[in-house]
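**Student:** Quick one: the structure is below, and I'll ask about it shortly.
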Amino acid sequence: MDERATWATRIGFILAAAGSAVGLGNIWRFPFLTGESGGAAFLVVYLLLVVGVGVPVLLVEFVIGRRSNRNPIGAFERLGHPGWKAAGAVGAIAAFIIFSYYSVVGGWVIQYVVASFTGGYGADAEAFFLSTASGTNAIAYHGLFMTTVAGIVALGIRNGLEKAATVMVPTVVVLLVGLAGYGATLDGAGAAYSYYLAPDLSTIVGDAVSILPAAAGQAFYTLSLGMGIMITYASYIGEDRNLLQDAGVIVVLDTAIALLAGLVVFPFLFTQGIEPGEGGAGSIFISLAGAFQQLPGGEILGGVFFLMLLVAALTSAFSIFEVVVSYVTDTFDVDRVPTAIGMAAVLFVVGIPTAIDLSYLDAYDLFANNILLILSGLLLSIFIGWVYAGEAIEELGKGRTSDGRIEAVWLTTLRYVVPVVLAITLALSVRDYIG
Ligand code: PHE
Ligand code: NA
């Protein structure tokens, strides 16, 4: 993506951006964080943050990308504010850390694809998950995932795989709806729904403080924000596109898939007698493996499900890998293919600890999401809200008819709401991380 072409088709941008957004974040990370963070109260805080912070920051990245026509490093120079490159740099470090362990989780998914088609997940779904998640096999499959991503990017056949996302997204939705429907018939469904969907309003304000870091980190992670990915993708959009509409499609789709994943995971966990927080990072794998084992045709269903999850993970992985590689090629004047190979090797090594011990995975995950992404979002919102507001508003107005009201709400949100919420989040995250 070196010359400044625009997306060939109107749908191309939406597909790539949705391919980046929809991934392990929705199906793996969202349900397990919800389970660890108290269920429905987490869901409420998360949804508020997606709307109140995620949407405005997504628009910030779109505006910066389209306005500058540059990657996240060049963008701030092009806009005449080179000092703000720091926001891009924080995002690059986050992308680097996130990709190193995203690939490890991608490796788990490959192992589940293989296990589904070759006779199952053993007698004990929890034990199977633990043996999948850490150890030499976890390292080997992490290597396989990383090689696949780097290979596809280096060979330039990424477009073909992105077309697979056109099939992947509807298939994932259909499978999740089907599984959620099946989950509704299980014994544990009632308890699961009240845990997941019925917040205790009397404690929610107090709980919100402890929930905030995880919920905000997830809002950024799931929408692929704070890493310059959406800046890069938007740098290829034409001025006739309505950024607001595109953001709406992406956020609704991403949120719907996460919500559905929760509707699948919790009834299965409750029915299997597993506490919602107990499954941890294994929640989706343990609950689904248990369910597929009981369903007629479960091997095939499971195989297809995990295969689609793998496609979802790959399209997200491309978007992060692309950012990491383009930072390096732009900064050091090196070629793309050797950079892709070199970066894959470095990222593989950096990810290894998280394939040895799940507590390292947690540590990487918390640091990148709850601290770096939030910091990057804080800087971006201050930049647009206070430094670059006039031009940004003009940019957001392109491609649509506007009476300026939405722009006014957006700007006020970026000036006051987003920075205050993110500054509080950052303080709480740092305290949690140190403490
Ligand atoms: N948004 C992706 C998901 O939900 C994850 C991701 C994170 C992708 C960071 C790119 C960068 O799975
Ligand atoms: Na997502």
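**Student:** Among (1) among the polar types (S, T, N, Q); (2) under 24 Å from Phe305 (Cβ atoms); (3) away from ligand 2 (no atom under 16 Å from the Cβ), there is one condition Thr222 misses while meeting the rest; what is its number?
**Tutor:** (3)
**Student:** Now for a different question. What tally of residues in segment 378-405 results from selecting those that are closer than 30 Å to Ser429 by Cβ and in contact (Cβ under 8 Å) with a residue 40 or more places away in the chain? Outline the logic, then answer.
**Tutor:** Taking segment 378-405 first, the residues closer than 30 Å to Ser429 by Cβ are 378-389, 392, 396.
Then drop every residue that is not in contact (Cβ under 8 Å) with a residue 40 or more places away in the chain, which leaves 378-381, 383-384, 387-388, 392, 396.
Total meeting the criteria: 10.
**Student:** Also, quick follow-up: I'm trying to understand the selection: among the residues of segment 27-65, which are buried (at least 23 other Cβ atoms within 10 Å of the Cβ) and closer than 18 Å to Tyr233 by Cβ?
**Tutor:** Gly54, Pro56, Val57, Leu58, Leu59, Val60, Glu61, Phe62, Val63, Ile64, Gly65
**Student:** May I ask you to verify whether Val323 is buried (at least 20 other Cβ atoms within 10 Å of the Cβ), within 16 Å of ligand 2 (Cβ to nearest atom) and farther than 19 Å from Met168 by Cα?
**Tutor:** Numbers: buried (at least 20 other Cβ atoms within 10 Å of the Cβ): yes; within 16 Å of ligand 2 (Cβ to nearest atom): yes; farther than 19 Å from Met168 by Cα: yes.
It is true that Val323 is buried (at least 20 other Cβ atoms within 10 Å of the Cβ), within 16 Å of ligand 2 (Cβ to nearest atom) and farther than 19 Å from Met168 by Cα.
**Student:** Oh, and also: Can you tell me which residues in segment 319-372 are in contact with a Pro (Cβ under 6 Å, 6 or more places away or on another chain) and not polar (S, T, N, Q)?
**Tutor:** If the condition is that a residue be in contact with a Pro (Cβ under 6 Å, 6 or more places away or on another chain) and not polar (S, T, N, Q), then Tyr360 is the only one that fits.
**Student:** Can you tell which of Ile286, Ile341 is away from ligand 1 (no atom under 16 Å from the Cβ), crowded, with 24+ Cβ neighbours inside 10 Å and not aromatic (Phe, Trp, Tyr)?
**Tutor:** Exactly one of Ile286, Ile341 is away from ligand 1 (no atom under 16 Å from the Cβ), crowded, with 24+ Cβ neighbours inside 10 Å and not aromatic (Phe, Trp, Tyr), namely Ile286.
**Student:** Just checking, which of Gly52, Gly38, Gly83 is among the small types (Gly, Ala, Ser) and over 30 Å from Leu263 (Cα atoms)?
**Tutor:** Exactly one of Gly52, Gly38, Gly83 is among the small types (Gly, Ala, Ser) and over 30 Å from Leu263 (Cα atoms), namely Gly83.
**Student:** Also, I was wondering about something else. How about segment 264-284: which of its residues are farther than 15 Å from Thr185 by Cβ, under 22 Å from the mean Cα position of the chain (by Cα) and assigned to a helix (DSSP H, G or I)? Walk me through it before giving the result.
**Tutor:** First, pick out the residues of segment 264-284 that are farther than 15 Å from Thr185 by Cβ: 265, 269, 273-284.
So of that shortlist, the ones also under 22 Å from the mean Cα position of the chain (by Cα) come out as 265, 276-277, 279-284.
Answer for segment 264-284, where residues must be farther than 15 Å from Thr185 by Cβ, under 22 Å from the mean Cα position of the chain (by Cα) and assigned to a helix (DSSP H, G or I): Val265, Gly280, Ala281, Gly282, Ser283, Ile284.
**Student:** Only one of these conditions is not met by Ile27: (1) in a helix (DSSP H, G or I); (2) more than 14 Å from ligand 2 (Cβ to nearest atom). Which number is it?
**Tutor:** Result: Ile27 fails condition (2) only.
**Student:** When the residues of segment 288-320 are filtered to those that are free of Cβ contacts under 8 Å to residues at least 40 places away in the same chain and part of a loop (DSSP other than H, G, I, E, B), which remaining residue is farthest from ligand 2 (Cβ to nearest atom)?
**Tutor:** Taking the candidates together, the pick is Pro296.
**Student:** Name the residue, out of Ile352, Ile341, Ile382, Ile393, that is modelled with pLDDT of 95 or more, part of a helix (DSSP H, G or I) and closer than 30 Å to Tyr141 by Cα. Steps first, please.
**Tutor:** Details: Ile341 fails: modelled with pLDDT of 95 or more; Ile382 fails: closer than 30 Å to Tyr141 by Cα; Ile393 fails: closer than 30 Å to Tyr141 by Cα.
It is Ile352.
**Student:** Take Ala75 and tell me if it is within 16 Å of ligand 2 (Cβ to nearest atom), at negative phi and part of a helix (DSSP H, G or I).
**Tutor:** Numbers: within 16 Å of ligand 2 (Cβ to nearest atom): no; at negative phi: yes; part of a helix (DSSP H, G or I): yes.
No; evaluated as a whole, the condition is false for this residue.
**Student:** While we're on this one: Does Ser20 satisfy the criteria of being at pLDDT below 95 and either over 19 Å from Val249 (Cα atoms) or more than 13 Å from ligand 1 (Cβ to nearest atom) (or both)? Can you show your working first?
**Tutor:** On the way: at pLDDT below 95: yes; either over 19 Å from Val249 (Cα atoms) or more than 13 Å from ligand 1 (Cβ to nearest atom) (or both): no.
Answer is no for this residue.
**Student:** Pick from Ser202, Ser235: which is more than 13 Å from Val57 (Cα to Cα), modelled with pLDDT under 90 and either surrounded by 21 or more Cβ atoms within 10 Å (Cβ to Cβ) or under 12 Å from the mean Cα position of the chain (by Cα) (or both)? Please lay out each step first, then the result.
**Tutor:** Numbers: Ser202 fails: either surrounded by 21 or more Cβ atoms within 10 Å (Cβ to Cβ) or under 12 Å from the mean Cα position of the chain (by Cα) (or both).
From the options Ser202, Ser235, the qualifying one is Ser235.
**Student:** Do you know which residues across segment 310-338 are under 20 Å from Ile250 (Cα atoms) and more than 10 Å from ligand 1 (Cβ to nearest atom)?
**Tutor:** Matches in segment 310-338: Leu310, Val311, Leu314.
**Student:** Does any residue of segment 116-126 turn out to be under 23 Å from the mean Cα position of the chain (by Cα) and more than 21 Å from Glu278 (Cα to Cα)?
**Tutor:** Keep residues of segment 116-126 that are under 23 Å from the mean Cα position of the chain (by Cα), which gives none.
No: zero hits.
**Student:** Quick one: which of Val105, Val114 is under 24 Å from Gln218 (Cβ atoms) and either free of Cβ contacts under 8 Å to residues at least 12 places away in the same chain or within 16 Å of ligand 2 (Cβ to nearest atom) (or both)? It would help to see each step written out before you state the result.
**Tutor:** Working: Val114 fails: under 24 Å from Gln218 (Cβ atoms).
One residue alone meets the criteria, Val105.
The values are calculated or read from the model by the stated rules, or taken from the named source; none is laboratory data. This structure is a prediction, so every number in the text was calculated from the model and none was measured. Here the Cβ is made from the backbone with ideal geometry for all residues, glycine too, and neighbour counts use every protein chain on show.
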